[in-house]
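Notes follow once the structure below has been shown.
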Amino acid sequence: MIDGIEIAGGAGRPDPQRPPGASGHPDRIPSPLVGGFRRPVDLAVGIQHLHVEIDGQLAPLIPGFIDNTRQEVAELEAAVASADREAARRLGHRIKGACLCYGFDDMGAMAAGIETAAAGDEGMEVIGEKCEGLKRRSETVEVRFV
C-alpha cells in the first residue's frame, strides 16, 4: 500500500494471481469503457472494487494522480452543492482527461458522464449522484502495475 492506495503486483514483477496469457482469463471483464478489469467484489456496499492495470513506468506518478483526482472531486462536490453547472462541466472534463491519460478508463468514463450531464439539462441531483459514484471509485481504486 502506498499513500492509502492498494497496490498489487509491481513493476517488473509477475503477479502470482494472474496466469500467463490472462487476457482470456475468466475473471476478466472485457468492455470498451472498463478495459481489462477484474469483476466487482464489493457488491454488498454497492461499490465496484476493480483492479486497474497501469504500466509500471507510471508507478511514481500514480499516488500524486490519485491525490489530485480526489481534490478535484472535492471541488466538483462544491460546484454541485452551489449548483454551478459550468464549474461541474469543466471539472468533469479535466478529471476525464487526466483519468484517461493515466489509464483509469472507468473513472474517465464516469467523469465524462458528469461533464455531459452538466453540459446538458440533467438535474443537479443527478450530477451529484454521478459525482458521488466517482468519489467512491477514487477512494476504492486498486492499482496493479504491469
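The numbers here are math on the coordinates, done by the rules we state, and not lab data. Please read these numbers as outputs of a predicted model, since none were measured by experiment. Neighbour counts run over all protein chains shown; Cβ positions are idealised from the backbone, glycine included.
Computed values, structure above
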item	result
Candidate set: region 85-98, residues that are under 15 Å from residue 129 (Cα atoms) and not hydrophobic (A, V, I, L, M, F, W, C); chosen: the one surrounded by the fewest Cβ atoms within 10 Å (Cβ to Cβ)	85
Qualifying position, being touching a helix residue (DSSP H, G or I) at 6+ places or on another chain (Cβ under 8 Å), outside any helix (DSSP H, G or I), hydrophobic (A, V, I, L, M, F, W, C) and surrounded by 19 or more Cβ atoms within 10 Å (Cβ to Cβ), among 80, 52, 73	52
Residue match in region 91-107 (condition: under 30 Å from residue 57 (Cα atoms) and not in a helix (DSSP H, G or I))	yes
Where a residue in region 129-146 is in contact (Cβ under 8 Å) with a residue 24 or more places away in the chain and over 17 Å from residue 117 (Cβ atoms) and its partner, wherever it lies, is in a helix (DSSP H, G or I) and not polar (S, T, N, Q), with Cβ under 6 Å and at least six apart	138/70; 138/73; 143/62; 145/56; 145/59
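Matching residues to (1) within 19 Å of residue 145 (Cα to Cα); (2) among the aromatic types (Phe, Trp, Tyr); (3) without any contact (Cβ under 8 Å) to a residue 24 or more places away in the chain:
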site: 51; (1), (2), (3): yes, no, no
site: 62; (1), (2), (3): yes, no, no
site: 73; (1), (2), (3): no, no, no
site: 79; (1), (2), (3): no, no, yes
site: 82; (1), (2), (3): no, no, yes
site: 88; (1), (2), (3): no, no, no
site: 101; (1), (2), (3): yes, no, yes
site: 110; (1), (2), (3): no, no, no
